[in-house]
1. Test of understanding: among Leu83, Leu110, which residue is within 17 Å of Gly35 (Cα to Cα) and in contact with a Ser or Thr (Cβ under 8 Å, 6 or more places away or on another chain)?
2. Considering only residues of segment 77-117 that are of a type in the set (Val, Ile, Thr) and within 27 Å of Thr262 (Cβ to Cβ), which is surrounded by the fewest Cβ atoms within 10 Å (Cβ to Cβ)?
3. I need every pair where a residue in segment 290-303 that is of a type in the set (Gly, Ala, Ser) has its Cβ under 6 Å from the Cβ of a residue that is part of a helix (DSSP H, G or I), sequence separation at least 6 or different chains.
4. Could you tell me how many of the residues in segment 145-174 are touching a residue at least 40 places away in the same chain (Cβ under 8 Å), touching a strand residue (DSSP E or B) at 6+ places or on another chain (Cβ under 8 Å) and not hydrophobic (A, V, I, L, M, F, W, C)?
5. Determine, yes or no, whether Ala215 is modelled with pLDDT of 90 or more and either of a type outside the set (D, E, K, R) or in a loop (DSSP other than H, G, I, E, B) (or both).
6. Just the residues that are crowded, with 16+ Cβ neighbours inside 10 Å, modelled with pLDDT of 85 or more and outside any strand (DSSP E or B), please, taken from segment 167-195.
7. Just for helices (runs of 4 or more DSSP H) wholly inside segment 233-331: which have at least 1 residues that are over 26 Å from Pro46 (Cα atoms), of a type outside the set (D, E, K, R) and at pLDDT 95 or above?
8. Only one of these is loosely packed, with under 13 Cβ neighbours inside 10 Å and modelled with pLDDT of 90 or more: Lys143, Lys130. Name it.
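The values are calculated or read from the model by the stated rules, or taken from the named source; none is laboratory data. Bear in mind the structure is a predicted one, so any value in this text is a computation, not a measurement. Neighbour counts are summed over all protein chains in view; Cβ atoms, including those assigned to glycine, are modelled from backbone coordinates with ideal geometry.
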Amino acid sequence: MHRLASTACRPRRQATQEQLTNGFLDTPVECALPGMSKHMRLKDFPSLIRSTDPDEFMVHYAIRVTGQIAGADAVVLNTFDELEQDALNAMRAVIPPPASINTIGPLALLAEQIVPRGGQLDSLGSNLWKEDVSCFRWLDGRKPRSVVFVNYGSVTVMTNAELVEFAWGLANSGHDFLWIIRPDLVSGDAAVLPPEFQEAIKGRGLLASWCPQDAVLRHEAVGVFLTHSGWNSTLESLCTGVPMLCWPFFAEQQTNCRYKCTEWGVRVEIGHDVRREAGVTIREAMGGEKGKEMRRRAVEWRETAVRATQPGGRSYANLEKLVTDVLLSGGNGKSC
């Protein structure tokens, strides 16, 4: 939601290349932005807004999609009211009838209410890679909340130097970890980790090519989720009550990351220039006072999300209303 609302706040003058690296993007945004957090900095806006390219494709795409809302009967959003109330209020104030805002998330929890686990909906998903379920045997042998789960999503890429630096951060944390390393995770090359890293993590680290992420997050062994902060990953983590360590890369990930810290209290940020000292941050998230507070808040959000998607909850009611008032009412049938 806030990711769409922020598109309308695109600066008239784009940042120069120098401003992207000299600290300028740490500047707080003091003007009032409808529906957005009051704790935003320039670097917390989606990367498409901060682009130095005047022909940025995603900007024009967002404008085009936003323009289509006027002809729709409904706007369907994978979120829940309690999580993004201010942004939803702002959207409802500017989107003209007959379009209605329909929050029906988190979809994973709502699907469980409609079709019990093990039903046909379990075959539906957004994975772009073949899942390897062998990691569950390894997780089953770990103590509750003892594992750091690391996954950068389906499309995020990094350099091999960043990969190696972060690998040593994981090793130096002293915690067990499950690290998903896609075949294309390293930009333009294969991921290469030094032999001494493999030796350092023997017996406490597992590297896998992909996994059913929502199921891993539900496993009792997982204590913290280290994520790129994509929206699907963010919701999956909130649905399972797992706090997050965030290393955002692009798109709306920086915005999601900021909200998780200042509004929802469920994360700590690794920072863009990752170093092997990240192990200190991991240890704090896994066992420090800040980590305990993050987990408490994450569990609270899980309980709120569950209530929203159960019969009588807002998301559940919104889905029923969407079906009755739009899909079965004989309207134009258009939705965004």
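1. Leu83
2. Out of the qualifying residues, it is Val94.
3. Gly291/Glu284; Gly291/Ala285
4. 6
5. yes
6. If the condition is that a residue be crowded, with 16+ Cβ neighbours inside 10 Å, modelled with pLDDT of 85 or more and outside any strand (DSSP E or B), then Ala167, Trp168, Gly169, Leu170, Ala171, Asn172, Ser173, His175, Ile181, Arg182, Leu185, Leu193 are the ones that fit.
7. 289-309, 314-322
8. Criteria check complete, one pass: Lys143.
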